[in-house]
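The values are calculated or read from the model by the stated rules, or taken from the named source; none is laboratory data. The structure presented is a predicted model; accordingly, all values stated were derived computationally and were not measured. Because the Cβ atoms are built from the backbone with ideal geometry, glycine has one as well, and the counts that use them run over all protein chains shown. These area figures cover heavy atoms from the full protein model, side chains too; ligands, DNA and RNA do not enter into them. Shrake-Rupley method; radii C 1.70, N 1.55, O 1.52, S 1.80 Å.
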Amino acid sequence: MNWNYGNTPELYKEVEILLKNGTTKKDMMIKGKYGNYEWRNYTDSAVLGWREITENKTNTKENKTMKNQERTEWKH
């Protein structure tokens, strides 16, 4: 997935952000105290870009765990 640099993501939707130091973190855009849009955990100057989080990347382990739990429940 490509990085977005000029626009902002949907409010209150968790996205992956690219910081100036090259690391990636999860954050979301929120409405600030004075109605402006800002990142929840980082300043605008620290964030270079953002991209949507893909389901396959983040939920693989969770899905595997859920399948194992379903198998266990059927045995009882």
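Computed quantities for the displayed model
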item: Rg followed by Dmax, in Å, when the stretch 10-57 is reduced to its Cα trace; result: 10.9, 36
item: Amide H contacts under 5 Å for LEU48, placed H, 5+ residues apart; result: LEU18, LEU19, LYS20
item: The stretch 1-50, accessible surface, carbon-and-sulfur percent (1.4 angstrom probe); result: 48
item: Stretchable slack from LEU19 to ILE53, in nm (0.36 nm times residue separation minus alpha-carbon distance); result: 10.7 nm
item: In nm, spacing of pseudo-spin labels at ALA46 and ASN4 (7 Å Cα→C-beta vector); result: 2.1
